[in-house]
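Before any comments, here is the structure.
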Amino acid sequence: KREPSIYGSKSLDEIQIDLLNLASELDARLEFFQSNSESEMINCIHKSVGSINGILINAGAYTHTSIALRDALLGVGIPFVEIHLSNIYSREDFRHQSFLSDKALGLVCGFGPNSYQLALRGLVSYLKRV
């Protein structure tokens, strides 16, 4: 739980339910993973090779600090979309730096929980074209 004035009040479970409903409409399958541990996130990315076609990732503060997370995403070669609930470019200067954006298929930020749905639509559209 973080500042509701910035991140809203929708729970992660509610966001996941909305995404599952949208995935069904888009004929896509989703798996979810959440961790506050950088190493667990990296391990999950590495284990995903061969079993998934794309990644939606909200790396939170690791976006601005983790070269290891960037390396993991680049190492697996799976297209990914970076997501943020808030507009990171309207916030503190340190949040304007992302170690992921330049390698991401896309970046969606600032639309609250809808950022996830926009990212899913974009990723699925991309994957259906390739």
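Couple of notes before you dig in:
- Sole exception among (1) in contact (Cβ under 8 Å) with a residue 24 or more places away in the chain; (2) within 22 Å of GLY122 (Cα to Cα); (3) of a type in the set (Val, Ile, Thr) for ILE17, by number: (1)
- Sole residue being assigned to a loop (DSSP other than H, G, I, E, B), out of contact with any His (no Cβ under 9 Å at 6 or more places or on another chain) and in contact (Cβ under 8 Å) with a residue 12 or more places away in the chain, chosen from ALA28, ALA68, ALA23: ALA28
- Some residue of the range 102-113 being open to solvent by less than 40 Å² (accessible area, probe 1.4 Å) and of a type in the set (Lys, Arg): no
The values are calculated or read from the model by the stated rules, or taken from the named source; none is laboratory data. Nothing here was measured: the structure is a model prediction, and the numbers come from that model. In this analysis, Cβ positions are derived from the backbone assuming ideal geometry, glycine residues included, and neighbour counts consider all displayed protein chains. Accessible surface is based on the protein model in full, side chains and every heavy atom, while ligands, DNA and RNA are left aside. Shrake-Rupley method; radii C 1.70, N 1.55, O 1.52, S 1.80 Å.
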